[in-house]
1. Take peptides 264-270, 58-64, 38-44, 138-144 and line them up by average Cβ neighbours within 10 Å, highest first, as a rough protection proxy.
2. Determine, at each q value in 0.16, 0.19, 0.23 (inverse angstroms), the log₁₀ of I(q)/I(0) that the Debye formula gives when each Cα of region 161-267 is one equal point scatterer.
3. State, to one decimal in nm, how far the label point of L202 lies from the label point of L18, with both points 7 Å from Cα in the Cβ direction.
4. State, to one decimal in nm², a quarter of the convex hull surface area for the C-alpha atoms of region 2-308, i.e. the direction-averaged projected area.
5. Among the complete DSSP H segments of the chain, which ones combine at least 27 Å of alpha-carbon extent along their axis with a mean Kyte-Doolittle hydropathy of -0.5 or more?
6. With a Förster radius of 25 Å, plug the Cβ-Cβ distance of W223 and W257 into 1/(1 + (r/R0)^6) and report the FRET value to the nearest 0.05.
7. Counting only other residues whose beta carbon sits under 11 Å from that of F86, what net charge do I get with K and R as +1, D and E as -1?
Amino acid sequence: MPSRALILAGAAYAASALAFLTLGARGDWGFLLLFRGEKLLALSTVGAAVALSTLVFQTITGNRILTPAIMGFDALYVMIQTALVFLLGGVGFASLGALPVFALETALMVAAATGLFTFVMGRGDDMNRLVLTGIVFGILLRSLSALMARMIDPSEYAYVQAASYARFTNVDGDLLWIAVAVVLAVGALVLAQARRLDVLALGRATALTLGVAHERAARRLMWLVTLLVAVSTALVGPIVFFGLLVSAVTYQIAGTWRHAVLLPLSALIAAALLVASQTLFERVLSLQSSVFVVIEALGGLVFLYLVLRRTPR
């Protein structure tokens, strides 16, 4: 039952959040809850943003093995970090304020998506061409990043490496609240489009038959996907396969095709998975490495499974 899946996912998230806030807590509870609460909010916000953007992107493209990362957003983020270190040096990069870098990264990712949508979708509603263009765009950006990395001093390249992986250890509090506001606003807009997404999931021909302007609806929803991806990436770093893992789990347990259920369910699953994994890493195993290293590896395995599995005849 869809309602049962939502209740179970909500309970899993509540249990994970409680364990994250209280497990191994010693000292001043006021300070601990404030410190851990901010990190919990960051995990939940990023999880929701990744889940919603992936689910909507898969619905628009009609392909459940794709994620917004295929459009090259992660490669653009890494190139921005590399270019800043290349132009300003390690000290200059470190001296930049968190807000200017966040604003620059978000603006460039949105601008790149604007150019991509205008160039490709303006010539017709061809999602395959959009995806292929995004792949080529990502390859180009990775090549430019590699070229600049070879000309950067090895000691300064450590700044690029540190910024090239998702991390929650140094999330700026002011940026977090900006990200929370954006994700809540965009999430509400996406949820309001749940019925339209149900129709888009039936395919372009069926959507047009039912009176939905597929091209216009797809372009608007891609804007929302871009905002979610840009904000989450600028806040914590690039995330590639996590959304694929979450969407695969969501479709398996949802028991429905209605996006009014799929969207909040995916957000709850993503947040619960991130918080539970971070609790296991930090509180139980006492590991300092990023939990996203393991989660992305699991997402990669899910991707290979979805690609290689054979549909029964």
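1. Going from most to least packed, we get 264-270, 38-44, 58-64, 138-144.
2. -0.85, -1.09, -1.33
3. Using points 7 Å along Cα→Cβ, the separation is 4.3 nm.
4. 16.6 nm²
5. Membrane-span-like by this rule: 2-22, 29-61, 98-120, 127-151, 173-192, 214-236, 259-279.
6. Here the calculated transfer efficiency is 0.60.
7. Charge balance near F86 sits at -1.
Quick note: the coordinates plus some simple rules give every number you see, no bench work behind them. Quick caveat, the model's predicted, so the values are computed rather than measured. Please note: Cβ atoms are built from the backbone with ideal geometry, for glycine as well, and neighbour counts cover all protein chains shown.
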